[in-house]
Structures are given as C-alpha cells and as structure tokens.
Amino acid sequence: MALLHRAEIRPTKLELLTAWLPSRGWYQGDAAAEVVRVAAYRFDDPAGEVGIETLLVRAGAGPVHQVPLTYRGAPLPSADAWLIGTTEHSVLGTRWVYDACADPVYAAALADAVLAGTGQAEEYFEVDGHREVRAPNMEITSDSGGIDVPTVGAVRRVVDGTLTVIVTDTVELTLLRRPDAAAGGPPAGVGAATLTGAWDDVTMPLAYASVR
C-alpha cells in the first residue's frame, strides 16, 4: 500500500517534468507547452523508504509519455545522470526525484508487476487516524499468469530510448516511453510477459519483461 500525504510540493512533479522532458531524445511534444497528467499508478517499496510512481503525461497535442519516478530522502549513489531534480515536500522535506529506470527498487517492483502480476499499490491517506483509500484512475494487468520472480538486485545497464531496456542480473525489462508506439506488439526478442494499462477508453502496453 502507498501512503499519500496532503502536502505542498515545490516545485511540483509536473513542473520538474516540463523542464526535463524536452531534454530526452525519445520525447515528442511541444517544448514550450506545459506537461499535464493523464493518469498514474504506483508500486510499493517493501522497505517503505522509496516512493515509486509512474506518470502518464502529455504536452499540448503530443502523444502520451510514460515516466516512472522514484522519490528518495537522500541521493541514490552513482545515479546523478538519472536525477530529474529535487523538490521540497511540506511533510517529508527534501526529496530527490529520479527517472526510475536506473533505480533498483523500481526495477524489482516492475519485475514483480509484469512477471508475477502483483498489480499496483493501493493508495490511501491517513485521516484522523483512519485510512481513506483513493480509487485508482487507471488499471494495470499482466498476461504472465504469475511466476516466481528471482531476486532482481542491481541495475547493470540501461539503454534509454522509446523502448528503454533495463538489464539486471536476473531479469530484463523494457519500458515503453510512448505506449502508443507499440500498436503492433512487442519487437522480436523483447520480453515474454506484458504489462498493460487501461485508463478512460484507452488500453495500451506499458512494459515487457523476461527472466534472463
């Protein structure tokens, strides 16, 4: 489960992405347009230390882009190239916001979602000592049938692109930066299992995974 806070965040996540996304080679959109949220889903960090959220966003009339983020209370070692920026959270203090593709906590969570079908984290607020659940604005499903996922461990290599490949010792993950670019199905040799997202009247593949 993902505990959410009613908090002020400066700059906001979308403000960070408005500045960062035009620097990505896979981005297609108006660099002058404001980035807006289309939908989102979260994973749970079993250790409770790292926030894991994937935003589906677009700018102007451009396509939907998928951007996984991790939120950390301290810098992730050797990941400066993947730092999107820092933000001040009125409850949690300074948060380091990363493109999650290089974060081992995200890689493990994504592997579980695609290969084991663990789904997304339930989101909730604490209100006067009671849990108030927030309904998801999209659904994710896996076609894997559920398998035992080996320990993911460190991220060994990331090949960033429209199809971003995340290589670990035990699994290989492929994230679709632009989900609509996969209308014809996964390229040959890309993961055996598919994670699919559905929001509004749209259904699109989000990621692929296979055990190495």
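The values are calculated or read from the model by the stated rules, or taken from the named source; none is laboratory data. Note that the structure is predicted; figures quoted are calculated from it, not measured. Here the Cβ positions follow ideal geometry from the backbone for every residue, glycine too, while neighbour counts run over all protein chains shown. Accessible surface areas use protein heavy atoms only, side chains included; no ligands, DNA or RNA. Shrake-Rupley method; radii C 1.70, N 1.55, O 1.52, S 1.80 Å.
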Roughly how many nanometres apart are two label points built 7 Å out from the Cα toward the Cβ at L14 and V202? 1.4
With all protein chains present, calculate the accessible area of E15 using a 1.4 Å probe and round the result to the nearest 10 Å². 100
Mean Cβ-within-10 Å packing, highest first, puts peptides 102-110, 160-168, 144-152 in the order 102-110, 160-168, 144-152
If I stretch the segment between L92 and A154 completely, what's the gain in nm (0.36 nm per residue apart, minus their alpha carbon distance), one decimal? 19.7 nm
Yeah, the chain with a ≥ b ≥ c from its alpha-carbon gyration tensor (a/c under 1.5 is rounded, else prolate when a/b outruns b/c, oblate otherwise) is rounded
Ranked from highest to lowest mean number of other Cβ atoms within 10 Å per residue, what is the order of the peptides 169-176, 49-56? 169-176, 49-56
